[in-house]
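Heads up: the structure comes next, in structure tokens.
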Amino acid sequence: MANASTAHAVSSFESSATLTYTINSIVNLDNPGDLTGLTVNGSFELEDSQTYTEYTGNGTSSINHSDSYYGPVEGNVFSKTFSLSGSVGNGDVTSNYLVFFDLEFINASNDSFAIDVDFAYDLSVNTVGEDVFAEMFLDYGEELTNEYFFEDLSVFETGTDQLTGSHKFLFTLGAFEDQLILADVNQFGTASAVPLPAAIWLFGSALFGLVANGLRKQADC
């Protein structure tokens, strides 16, 4: 049996971000219907220089994200998901990850194009424990107007936070002009184990016995 005086509660954090670009329309203003010379590429990559995990004791962390990609966008939707989690029962864990998620329009023609793109984001963070913290930063914008926007979520101790939103990008791409719509998400989490008083464990054992007896009586009915 574990020593009640050294027992610890598990502290944990998790965060997830889903980002989506939807190309609503591309109109050739000079030769309607002709998209020759226009290339649309999507990219998604983890920034290694901003990625790290540190832990002691039995701290653990994991990262789950779409595969890195750079290439043509198939269809009109380009969407990726990135999530981070960590937990510790005896020790501590700290994790930080940064991803880049871009949509690139390259016009190699003499024509001009009117382009309509929606950017949507679904962000969530969740923490369990007394000494735990999770935070997420989202930046997005576009190069032609050099306009950028910022969102962030953060949770201290046990709690949850969620944020969804969207932004419309309307722009005209001139002859031999490029446009980059870009977003980056930084997710950070840290947790430390929290000692539990011995009385809590004794109460938990008694409560478990009552629940088990109740379930057994129901099964016998």
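The values are calculated or read from the model by the stated rules, or taken from the named source; none is laboratory data. What you see is a predicted model, and the numbers here were worked out from it, not measured in a lab. Please note: Cβ atoms are built from the backbone with ideal geometry, for glycine as well, and neighbour counts cover all protein chains shown. Surface accessibility is based on the protein's heavy atoms, side chains included, excluding ligands, DNA and RNA. Shrake-Rupley method; radii C 1.70, N 1.55, O 1.52, S 1.80 Å.
Structural remarks
- For the range 1-139, convex hull volume per residue from C-alpha positions, Å³: 121 Å³
- Approximating the spin labels as points 7 Å out from Cα along Cα→Cβ, the PHE100-to-GLU143 distance works out to 1.0 nm.
- Couplings 3J(HN,Hα) for the range 14-23, derived from phi with the Karplus relation 6.51 cos²θ - 1.76 cosθ + 1.60 (θ = phi - 60°), are 8, 8, 8, 9, 10, 10, 9, 9, 10, 8 Hz, where x marks Gly and Pro.
- Counting only protein heavy atoms and a 1.4 Å probe, the range 1-80 has 60 square angstrom of accessible area per residue.
- Here the range 42-198 has 47 percent of its accessible surface on carbon and sulfur atoms, given a 1.4 Å probe and all protein chains in place.
- Summed side-chain charge close to GLU177 - residues other than GLU177 whose Cβ falls under 11 Å, Lys, Arg +1, Asp, Glu -1: -3
- Amide hydrogen neighbours beyond the local backbone of ASP131, cut-off 5 Å, H modeled: SER192
- Whole-Hz Karplus values for the range 86-100 come out as x, 8, 8, x, 7, x, 8, 9, 9, 9, 9, 9, 10, 10, 10 Hz, taken residue by residue from phi with 6.51 cos²θ - 1.76 cosθ + 1.60 and θ = phi - 60°; glycine and proline positions read x.
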